[in-house]
1. Where the only charges are on Cβ atoms (+1 Lys, Arg; -1 Asp, Glu), what is the dipole of the stretch A:528-615 about its Cα centre, to the nearest 20 debye?
2. For q = 0.13, 0.14, 0.17, 0.18 Å⁻¹, what log10 I(q)/I(0) does the stretch A:396-563 give under the Debye formula with an equal point scatterer on each alpha carbon and no solvent?
3. Round to the nearest 0.05 the FRET efficiency obtained for B:SER292 and B:LYS406 when R0 = 41 Å and r is the Cβ-Cβ distance.
4. From the gyration tensor of the Cα coordinates in the stretch A:125-236, what semi-axes in whole Å does the equivalent ellipsoid have, largest first, with each one equal to sqrt(5λ)?
5. Grab the other residues whose beta carbon is less than 12 angstrom from that of A:ASN398, score K and R as +1, D and E as -1, and report the net.
6. Calculate the dipole size of the stretch B:121-248 relative to its Cα centre from +1 charges on Lys and Arg beta carbons and -1 charges on Asp and Glu beta carbons; express the result in debye to the nearest 20.
7. If each residue's Cβ is checked for other Cβ atoms within 10 Å, how do A:ASP198, B:ASP375 rank with the fewest at the top?
8. Once Rh is set to the Kirkwood radius over Cα pairs, what Stokes-Einstein translational diffusion coefficient, in µm²/s, holds for the protein assembly as shown at a temperature of 37 °C and a viscosity of 0.692 mPa s?
Amino acid sequence: MSEKKPKNIIWQMLELISYKKTSRPKTFILPEMDEQQSKQRQESNKRQESEQQQIPENRQQSKGRNQADEQAKDTSQIPGGQEQKHTQAMVVERAGQRRRIPKKPLAASEVKSARVEKDQVKTDVNSNLQVLRQAFHVPENKDLIIRDIILPNKKRGFLAFLDGMVNKIIINEYILRPLLEQEATSQSGNTKGIALEDIVLTNDTQSLKNINEVISEILKGNTAVYVDGLDYILICETIGFEKRGVETPKTEIVVKGPQEAFSENLRTNITLLRRIIRNRDLVTEFFEIGEKSSTVCAIVYLQGLVNPLVVREVKRRLENIKIDFVVSAGMLEELIEDNPYSLFPTILNTERPDRTAASIMEGRVAIILDGTPIVLIVPVTLNALMHSSEDAALKWHNTTALRMVRFCAFAIAILLPGFYLALTTYHHEMIPTELLIAIAKAKENVPFPTIIEVLLMELGFELIREAGIRIPGIVGNTLGIIGALILGEAAVSANIVSPVLIIIVALTGLSNFALPNYSLAFGVRILRFCFIFAGAVLGFFGLALAAVLLTLMLVNLKSFGVPFMSIVAPRTKRGKDIVLRWPLWMQEKRPDFLNPLDSQRQPEIARQWTQQDPE
Amino acid sequence: MAPKKLSFLKGAIVLVCACCLSLTGCYDAKEIDQEVFTLVIGVDKGTGNMIRVTFQVSTYKEDGGNGGGSQNGGSAADTGELDGTVISTVEAPSLIESINMLNSASNRQISLSQTKMIIFSEEYAREGVGRYIEPLTRFREVGELMRVLVCRGRAEDYILENRSFIGGSLPKDIELSFLQSANTGYYPDVFLNEFYVRLLSPYAQAIAIYTAINDFDSLPEDGMEKGIIEPHPDLKPGEIPRKGGNKREMLGTVVFSGDKMVGYLNQNETRFYLLATGKYKRGLFTLDDPKSAGDFIVLEVTAHGAPKVTTFLENEIPYIYLEMLLDIDIAAIQNRENYFLNPSAYLELEKYIETYFVRGMEEVIRKTQQEWNSDIFEFGKKIAGNFWTIPQFEEYNWLERYREAKIDVKVKANISRAGYYFHPRPIEPEK
Amino acid sequence: MLEAYALVTIVIITKIFYTFPLTTIKQTGTAAWYTTLISCVGAIVFFALLYLLLQRFPQKDLYQVFEAVLGKKVSRFIILIFSVYFLYYTGINLSEFVTILKIYSMPFTPKEVLVAGFLTVIAAMAYVGLEGIVRVAYVLFYLIITGLVLILILAIPFYDFNSLKPWLGYGLGVSASEGFLKISAYDSVIILAIIANSLQGLKYFKRIGLSCLLTAGAIFSICLACILAAFQYTAGSGYISGMYHLSRIIYYSRFFQRVEAIFLFVWVFASVIAISAVFYIALSSYCRVFSITNHRPLLWPFLFLTFAFTFLPSNIYEIISVHVRLIRGYSVFLIVPVPILVLLVSIIRGKKGGKASGT
């Protein structure tokens, strides 16, 4: 029962560096050698011959699942009342484990069934109307429009739809008109002779017998059509609400490469992807997340390429989220990521269809949430977070150089202030004498110790940054630059900080901005303060200890079963697009750590024209 | 999963640890401006058993570069202020103790972590420096990369003239002045670490840089002396005939035996010494022209790697052969004699040069053997190869028997270039 | 599998940063650089015997072999001794490291604080377990080796390999006996046998073990030769940490000198990995003795014990002359003979693990 209560923060911090899966009986045994794995391997061999080259991680992952099953038995003993459901789900997610929660009826339907007496569609107009009215709180709710109709054969019927969510032209021209003019086309007054589907002229129709499904379709913007005597309700596709068009990317700007970004509309987003990957194997699966909001979420992957274990894992996590509503990709990310306490993101955010498509083609899974222009891509590794969408568009030398710069920026953004602090408070002998004397001279009138200076300036910089985002429009940018300049200059001349520090802080800030991933940059900002602390307390010794801890954290991090530091630890086959980006025609293999079913990206010789004689 | 109570306990322990750690910030942390950095240490003889230690520490005043002590009234000797540094002298029983004593006067902690050089007065060096080197190599703050110098006269006076004339930065000036050794070969470049290792070494004896203050009185007044032209005067530091600029100058090598100074090599001998040890980089040599007295040949000499030294023992008498190859670029032949007309003239010149170098080196070796019995050439390392074990070698006592060694020097000079001229025409004599 | 290689290599070579050069040069003089090679050869022989032992019992790790040969009670007693030894090793190594750190870099910080900071990281590493440790080891292995090579390369101007003469040091006999004792410098290779089950087979075990020993031997030999070349046997036998002094004399120009502090990173990385690995082995050996399935609850008591061991020696003399001498000298009489005896017993008794007897 202790699991139900939220754990205290320190224990949670401890879990940050914890490693969940080692709690197995023989602690000496690395998972690679476990018997279960060899079994697993045999199974997978049977299942799929191409899965032979499994890296340990996936075996581990499946092994973890075996254990999770055992643990799930424990979990199932927890009484799950309606009101506790929320906390419970959170706890399970927090533990970051691949635990399988026993299947339960969807809470969403439970809530609704409390109001709608029976799920079955009635066979008469009045009771169906009654049910719908009740469900949508008519007459208080003015959004549901119910249009009563009387067919030419005198049968009563109705149309129900949500105002604003539908395309009225479709309703008028292709539903109402055929229904009311039905007699002109059909001979007899016998409605049963002609199915309702055949009368209505919309492109997609569904006959639904469950009233709850009808309600959710209406909520999506479809129109429900009912004619007296039927035992089903016909749903016609009439979605047509206002939406933003496809615009240029706002946050991931590139010079070369496509200039379109995802929008809030799920359909549009999937279309954007399909336009890039014209492959019949591109599969889109839908999920509903949020018990009150029923937000639609799609996962997109390339069947036959992606590792089925990853897809299964993604689906499992998405299906087992119990939360009232989800509006942004960030919320969803928090709900499904492996280790929510990690400072580094284990899910890649992007607003670019081209990048998403490229990831899918590498064997990753894209998760698209309706209502957000941000797409989540899993699994990712650290080096994927250091790539930018422009990398593929530039020449390989340039990209390689840029990536080097980014990795330098990564190191600088984390380490530099802490390093400076350790250097100037512990290891004076390392600083060249001239510089040392210059620093001392500049510091002569500054009353504060270096740690205070560093914290002051870091705080100032964060303030400028935050304010720059909040202040609307162009003013924001200007203010950021001017603020930084003036603040720095003034702080120096007022003898509050020493000038070297301004350089340090500015360099750190720049490096932070050079990181291509927004969430990663955030993590780095927080880490920087940890390193400042470590450097201030124990100098280089402290920094080194902190670095070991950071490494430990990184190597234990996983993104949907794939270790975050793949390629380095654990070692996998090195691709040709990691830090160095080799020419495109040399990248024959897909990333090894993702275990795609088809690891060959292109034939050994991609530029086949080089084999031919020029004409 | 641990029960909640235990996890809370763990959390508390971690928190306490974190607090403890964060409270330690003051143990070893030192702000830069809490300390002052000693650039130069000078060691003089004090009264009785005491030593007088002079520290030159840099100050943090803005614009300290161009003033100099005299600006504030009073000379550097009175105020101790000199070009952005402060010079203070203290008498104390030991070197480290002197820092402590000075700490109570200077308002900030004195740090030795940036010290560039340590200067012993010659008087002191002749009595033995081991006692004062020891704390420097044991004390953690001291860098092993400071230079070791011995100065004629008092170290205190020497430091009072230690100022930067070129730029505002004294430490840079000091560092760069040692690098000049590679350009001239007039003095060696000796690190404290090297000095210390050689003090302990059974293979060789220590050396140091010889230095002094030049009072600018060696420059002969116009027309004072005439006639004698000596291309290689035996100069001590402080005797370079010059005027203006920096008063301190380094010239020659101090030879130690054990930890005591026993003599010195002048600038030319130093070059031969450096040549023989393979530390010589490049420099100009001025030779008498064999064909016309009073004229000089100036050579730019580059050593072709370290000399080859072979040794063997016969009846416990060490024989040492030293062979080396020199690369010669003729920089000037004052009488414009053409040595490249025929091979014999050319070979003759080479022969002449070779003899010059052999004689020079042999003379230096003879001096170290006969006068001081101090193997500063590290021949001992080669001799050690003739013994199997350390006890045998130590019993042989090479450092004592250096005197007995028969040393043979062989030089091959190769005149590879002759500057811009190949066939110079003599200047037409006045008609 | 490079991970295991990195881990064991780091565990072995970390000594070079401590007083290992000091004691070796003190005892064998100019012969130090090949004395360690003698030890290396000895260690390879030991490893071969270890391999023979494990070969008789395929799919078992060392402790399981003990149990199969000696029976439960005796083997558990031996494993307990091993556990205590490893814990002692952890404490003394930590003490040595912290003392050196105090001497060279942080003279005024109390030992307790340094040890506590260090143990925090050890705790995290051991909490995560072997897998985390090997991965960290692998990531930092490159850094450590790079740092080491950098020190050796940057100090080149101070080398004179003539200082290695006379070639035999204090005599061959001294070198040989000292070389035999110093086999214990390499005996951490036994860790490989303890974690043998994680190594995907004996073939890898052999390959990893040999390459670990050869790498470590080469590194020790080169480092000792460089220290001798730079400081000669006279001054070299005086410095507490020869490698640290090598980094102290790096001088390239007026802005690139006295960079020894930066190599503190290499020191700390290597020490953290080595000490946490041995600590973890101690911990899990103990768990093995009492059939404890989860090592985590034992973390705190073991940390406390390590802390206590760290304060066992009260001064530098005790560390170098008693404890380190014990660990890097006479421990050869503990670690080496036990597996060999077990091998003998198993041969005499004719015990052999069948192929099917995998655990």
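1. Dipole size: approximately 380 debye.
2. -0.72, -0.83, -1.13, -1.22
3. Computed FRET efficiency for B:SER292 and B:LYS406: 0.65.
4. 22, 15, 13
5. Here the charged neighbours net out to +2.
6. 380
7. Fewest to most other Cβ atoms nearby, the residues stand as A:ASP198, B:ASP375.
8. Rounded, D is 87 µm²/s.
Readers should treat all values here as calculations from the given coordinates under stated rules, not as data from a laboratory. All of these numbers come straight from a predicted model, not from anything done at the bench. Cβ sites come from the backbone with ideal geometry, for glycine too, and all protein chains shown count toward neighbours.
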